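The values are calculated or read from the model by the stated rules, or taken from the named source; none is laboratory data. Here the structure is a predicted model, which means the values were calculated and not measured. Please note: Cβ atoms are built from the backbone with ideal geometry, for glycine as well, and neighbour counts cover all protein chains shown.
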Ligand code: HEM
Ligand SMILES: [Cu+2]
């Protein structure tokens, strides 16, 4: 097999050339790359916004921007990071590319629907950002857009909800494709307990997504009704319920947290065994805990359906569920660490980034427990403690897993190897910068510094100033890693089929893969993480 | 496939169970008069509505229209806890946190007062020295006895963090109330059962009566501190939009229909979606496999 026959040269459907070969493709791999570029664009944009906010916070009072600019920036940063990075990144890029391959299939079940999802994503993303700029004044309510603040003050909220709906549709269709591919396209020889963990995690996520998206659809209908007919759904003086919107919003957004974190855990479950040269410890436990997280996520959701408003009972149930979700998460961390134990560790950038993930995600989870304990929550709620906590989960967790996935699968996707040294330097800078940026934020939050202010009381200045250096180091590291990867595209396509010694199916085919993925029928292992062959080869 | 179906059945069961349960009230205990339609709006707030200059009649009216930078009418006279007349001039001589509520509220007023009382104990600034708190009843039927009783409760809750004279509980006649609320852009409406619909917001005012900042949500200590800090420097500033809590006496039946419709809608979409998937499976003729027949 020569590189000339890879999916990068051959189009699907065949015969398309130039831009048509990309914009009208049915190939799940090309779509994965198209998502990659779009999502990287949004991510870099939002990272720069984050850095600008931090720069403003480095000095008391007005440093580089006033309150209006700051408020619109955290709104934009939040919207992009949640809807255009956190939720779609891993499933849309790596899921699209690798889920069919890991299942031994030649594409997803509905290739054209897959293309449609990409267009919905592009359209929804543009629309989301456009909606923020349209209307009378940029919304400053944060990414949660609380009605009645927003319904009356900013005309653009209906547009933003529309955008969220379009994006929700896009990820729901992707989820649908994953579920159907999982069931209908899987190689006949592959039983449920022979499926790679990344694919399992995407499968669990897809169900949560399919469940949650109807809520945003209904919210969309309600907000539009309210805007154009003024029937007073959210207006208590017209018999409406002002908390209805908030309620629906969290019904969608609570599961979104699981949608953001589950695929990241799937990535780590692939990388840890590959570089430990050792079968994953507790494969079944990881599968079941993925499903457990998905089910717990759905329970939170069902609980929202059951009661509106936060009565004491719902606060209790919610706290309890938050604690319960910690159990399957802890099971995974335990499995990863046990896998490494006595493994023959081969250090590499993706493995290093996975270690960062485990560490940062664990801290994020522990701070989450502090928040989940409803009592303590009151002290720190709406402070920088909360902001730091979800950055630990979303950037330290999903963000680092995203970079680990990039470094793990880059050679497979593009057929090129990247330079290791800049990757290590970037990863270390990002991890160290992360800690120096977000640990001060945890402390400031415990001291009572409220979130969403461009300014603060004098006693918070030192902490905020020091955190700034962490942020610059963090962003330097992230950009260095990205640039290193992008520059590697100029290298010759000489990546071997299996540069890391991975055992799942994508490593059994050439890099980059041919259009049809498998030219011979895939050789399904009894157990997806069986390293005996790899180890005996390397001992020869 | 069997697994997927199992999940589906499980979820549907949950949902149906959920559909049967009635919605709990939005917040606050349902009051005795709950059966009255919440849609019936009393005359209470009508007069100052026009003052809020809403041009488009169909556009939803703001509950709070921030008047940051404007000045309070300090000549207004209210009654203090002992029924003596008290002009705002007499108490706005240092930064003031102004909180419009009413003392016998079935909704979130007492929770707001309690949140504030708790926050007072966790501030960086010193209550009494750096600022004073003024609660004003928006209900012109409330008497100074009601104010006195409320004061006792919440001063106690603040646990000695604020000197008694530094947290005032005022009552007033309708004209003083509506002039004040209009000046701070605060809309409230009386319902047929005598309760009020009103937003929960706190207004920080500088010592010269200038409106500095609005505080929303649960009155977390950090927010209160920032408001006091800005009021001390007399710099009007953009408020941070946390949740805008609307205090009202919920009619447990009013939104039941909407909530049920929402649940039915979610179920319907979910069902339609599942049906579409099953249909598509059929049309595809089951398993689409690249190496169909190649392997067992
Ligand atoms: C280099 C990386 C990042 C930096 C420097 C950064 C920095 C910040 C800062 C300074 C704030 C505002 C805090 C406040 O005043 O309330 C913020 C808010 C936020 N960030 Fe990030 N962030 C980064 C990455 C991320 C990532 C990866 C995500 C999610 C996937 C994320 C999600 C959010 C959200 C949801 C908010 C809250 C916005 C709101 O209050 O509505 N951030 N971030
Ligand atoms: Cu009230």
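So in segment B:210-219, with the set limited to residues that are surrounded by fewer than 24 Cβ atoms within 10 Å (Cβ to Cβ) and more than 16 Å from residue B:65 (Cβ to Cβ), which one is farthest from the other protein chains (Cβ to nearest Cβ)? So the residue we want is B:210.
A count restricted to segment B:110-144 and to residues that are touching a strand residue (DSSP E or B) at 6+ places or on another chain (Cβ under 9 Å), away from ligand 2 (no atom under 15 Å from the Cβ) and part of a helix (DSSP H, G or I) stands at 3. Between A:492, A:512, the distinction of being buried (at least 16 other Cβ atoms within 10 Å of the Cβ) and over 30 Å from residue A:382 (Cα atoms) belongs to A:512 only. Restricting segment B:225-238 to residues that are buried (at least 24 other Cβ atoms within 10 Å of the Cβ) and within 21 Å of residue B:181 (Cβ to Cβ), the residue that is farthest from the other protein chains (Cβ to nearest Cβ) is B:231. Scanning segment B:149-163 finds one or more residues that are in a helix (DSSP H, G or I), in contact (Cβ under 8 Å) with a residue 60 or more places away in the chain and on the phi < 0 side of the Ramachandran plot.
Out of the residues in segment A:413-468 that are under 30 Å from residue A:496 (Cβ atoms) and outside any helix (DSSP H, G or I), which is nearest to ligand 2 (Cβ to nearest atom)? Filtering first and then ranking leaves A:418. Within segment A:503-512, can one find any residue that is in contact with a strand residue (DSSP E or B) (Cβ under 6 Å, 6 or more places away or on another chain), more than 16 Å from ligand 2 (Cβ to nearest atom) and over 30 Å from residue A:78 (Cβ atoms)? Within segment A:503-512, one or more residues are in contact with a strand residue (DSSP E or B) (Cβ under 6 Å, 6 or more places away or on another chain), more than 16 Å from ligand 2 (Cβ to nearest atom) and over 30 Å from residue A:78 (Cβ atoms).
Selection of first residues in segment A:449-465 that are more than 13 Å from chain B (Cβ to nearest Cβ) and of second residues that are part of a loop (DSSP other than H, G, I, E, B) and within 12 Å of ligand 1 (Cβ to nearest atom), restricted to Cβ pairs under 7 Å at least 6 apart or on distinct chains, gives the following pairs, ordered by first then second residue: A:464/A:58; A:464/A:456; A:465/A:58. Among the residues of segment B:85-106, the one identified as in a loop (DSSP other than H, G, I, E, B) and free of Cβ contacts under 8 Å to residues at least 60 places away in the same chain is B:104.
The set of residues in segment B:126-141 being surrounded by fewer than 20 Cβ atoms within 10 Å (Cβ to Cβ) and more than 21 Å from the chain's Cα centre (by Cα) consists of B:126, B:128, B:129, B:130, B:141.
Filtering segment A:96-130 to residues that are more than 14 Å from chain B (Cβ to nearest Cβ) and under 21 Å from residue A:183 (Cα atoms) leaves A:96, A:97, A:98, A:99, A:102, A:115, A:117.
Restricted to helices (runs of 4 or more DSSP H) entirely inside segment A:323-399, those with at least 1 residues that are within 14 Å of chain B (Cβ to nearest Cβ), touching a helix residue (DSSP H, G or I) at 6+ places or on another chain (Cβ under 6 Å) and crowded, with 22+ Cβ neighbours inside 10 Å are A:374-380, A:384-391.
Of the strands (runs of 3 or more DSSP E) lying entirely inside segment B:170-231, those carrying at least 2 residues that are within 16 Å of ligand 2 (Cβ to nearest atom) and touching a helix residue (DSSP H, G or I) at 6+ places or on another chain (Cβ under 9 Å) are B:196-199, B:202-205.
The residues of segment B:98-109 that are within 8 Å of ligand 2 (Cβ to nearest atom), under 12 Å from the mean Cα position of the chain (by Cα) and more than 14 Å from chain A (Cβ to nearest Cβ), listed by number, are B:101, B:109. Considering A:240, A:232, the condition of being more than 19 Å from residue A:161 (Cα to Cα), within 14 Å of another protein chain (Cβ to nearest Cβ) and without any contact (Cβ under 8 Å) to a residue 40 or more places away in the chain is satisfied by A:240 alone. Scanning segment A:255-268 for residues that are at pLDDT below 90 and more than 16 Å from residue A:171 (Cα to Cα) turns up nothing. Of all residues in segment A:96-112, those satisfying the criterion of being in a helix (DSSP H, G or I) and surrounded by fewer than 24 Cβ atoms within 10 Å (Cβ to Cβ) are A:111, A:112.
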